[in-house]
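Beneath this line is the structure, given in structure tokens, with notes to follow.
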Amino acid sequence: MKKYIILILISILTLCSLNAQETEEENKATFATKIIHNSVAGFYPIFFGNFETNKNYDITFYTIFWTNPAFGNLQSGSDLLLETSVGLGFKFLNNSLYVNPSFGITSGKFSSNSTGTKIAEGVVPSLYINYQKGLLDFEGYIAYYKSIREDDDIITKDYLLNWMAPGINVNKRIVLGAFYESFGITRQEDADPLLVYQWLGGSVKLKFDKGIAFRISAGATLNTDAGTSDEFYKVSAFIPL
């Protein structure tokens with residue numbers, strides 16, 4: 001399985017290199033960060049990269065540095081989950097719709113009871129969608145964390161994360177809308193599937209110059225099998241660099 005993952009990543013990176021050689025005109029390469037804090041996962045930064053091509057798609061990548069000790073070694077805070085992914089970004093409907101499927105790997109001990117870090121412990125296919133036109137502002141994301149490192153003495157788990165934020169542009173600076181997110185264990189060898197949380201609430205997004213965006217969401221926990229709080233909050237800041 002690891003060989004197939006490496007071949008996929010090499011193929012995508014090779015595709016990026018070939019596209020760069022096909023044109024003498026320099027394509028744009030952009031880099032951004034997104035800083036997030038929520039009431040369950042805590043604080044975690046994300047870095048994004050985008051390489052334009054002379055085709056109808058861009059080469060994208062992201063890396064998430066999960067800092068919650070529960071996602072690694074709870075006592076020492078080591079072996080934390082590291083998520084790295086590459087993908088393709090497609091623009092449709094006169095650039096109002098952006099679709100970005102990605103495929104990545106996770107390292108650490110998030111998907112198992114391993115005593116320490118496992119490189120390429122799991123794979124994480126994901127899909128991000130952004131639609132902005134007229135009054136409508138919509139973002140949505142889904143990711144599946146699949147464990148692939150199986151040993152006789154290791155118990156593995158799989159996870160599903162998804163969220164969406166539909167909103168209305170009040171003006172060019174403010175978006176008001178709703179926010180939904182759920183996260184759960186879809187498979188674990190020693191127990192039944194478990195819903196960590198399911199959230200529903202309101203959201204305010206503020207747009208600044210140079211593509212900077214700030215969102216704050218809060219509301220109620222609709223359901224949980226893990227005893228999480230009855231209420232939630234989530235704050236994020238997207239900052240192009």
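Return the subset of K55/K210; K55/K133; K172/K207; K34/K146; K205/K234 for which the Cα-Cα distance in this structure is over 18 Å, preserving the input order. Spell out each step's value before the answer.
Numbers: K55/K210 25 Å; K55/K133 23 Å; K172/K207 7 Å; K34/K146 24 Å; K205/K234 12 Å.
Over 18 Å Cα-Cα: K55/K210; K55/K133; K34/K146.
Per q in 0.10, 0.14, 0.17 1/Å, what log10 I(q)/I(0) does a Debye calculation on the alpha-carbon atoms of the chain return? The computed values of log10 I(q)/I(0) come out as -0.53, -1.03, -1.41. Put in order of Cβ neighbour count within 10 Å, fewest first, the listed residues D137, D230 become D230, D137.
Could you put T67, T115 in order, starting from the residue whose Cβ has the fewest other Cβ atoms within 10 Å? List each step's numbers first, then the result.
Numbers: T67 16, T115 11.
Result, fewest neighbours first: T115, T67.
Considering only the Cα atoms of segment 78-154, their convex hull presents on average a projected area of 6.0 nm². Note that segment 184-196 has calculated 3J(HN,Hα) couplings of x, 8, 8, 7, 9, 5, 9, 6, 7, x, 9, 8, 5 Hz, one per residue in order, obtained from phi through the Karplus relation 6.51 cos²θ - 1.76 cosθ + 1.60 (θ = phi - 60°); glycine and proline are x. Excluding same-chain residues fewer than 8 positions from K91, which aspartates and glutamates have a Cα within less than 16 Å of its Cα? Counting by Cα, and skipping residues close in sequence, K91 has these aspartates and glutamates nearby: E52, D58, D137, E139. Mean sequence separation of contacting Cα pairs (under 8 Å, at least six apart), scaled by the length of the chain, corresponds to a relative contact order of 13 percent. In the chain, the DSSP-assigned H stretches of four residues or longer account for a calculated mean residue ellipticity at 222 nm of -3000 deg cm²/dmol, using -39500 (n - 2.57) per stretch and the full residue count as denominator.
Could you please rank T224, T117, T33, T106, placing first whichever residue has the fewest other Cβ atoms within 10 Å of its Cβ? Spell out each step's value before the answer.
Values: T224 20, T117 16, T33 13, T106 28.
If I rank by nearby Cβ atoms, fewest first, I get T33, T117, T224, T106.
Amide hydrogen proximity for S39: with H placed 1.01 Å from N in the peptide plane, the residues at 5 or more positions away or on another chain lying under 5 Å are Y233.
So what is the relative contact order for segment 83-127, in percent, with contacts set as C-alpha pairs under 8 Å and at least six apart? It would help to have the intermediate numbers written out before the result.
Working: 77 pairs, mean separation 15.9, N = 45.
In percent, rounded to a whole number, it is 35.
Under the criterion of Cα pairs below 8 Å and six or more residues apart, the relative contact order for segment 195-235 equals 44 percent. The three principal axes of the Cα atoms in segment 180-235 give end-to-end lengths of 50, 22, 12 Å, sorted in falling order.
Computed 3J(HN,Hα) for segment 80-93, one whole-Hz value per residue from the Karplus formula 6.51 cos²θ - 1.76 cosθ + 1.60 where θ = phi - 60°, is 5, 5, 10, 10, 10, 9, 10, x, 10, x, 10, 10, 10, 6, glycine and proline marked x.
Dividing the Cα radius of gyration by the Kirkwood radius, what Rg/Rh value follows for segment 146-241? Can you show the working numbers first?
Numbers: Rg = 17.5 Å, Rh = 15.5 Å.
Computed over Cα atoms, the ratio is 1.13.
Restricting segment 44-109 to trypsin sites (Lys or Arg not before Pro) that sit in a DSSP loop and have at most 14 other Cβ atoms within 10 Å of their own Cβ leaves K55.
Laboratory data are not the source of any read-out in this text; all were calculated from the coordinates shown. A quick note: this is a predicted structure, and the numbers were derived from the prediction, not measured. All Cβ positions, even for glycine, are placed from backbone atoms using ideal geometry, and neighbour counts span all protein chains on display.
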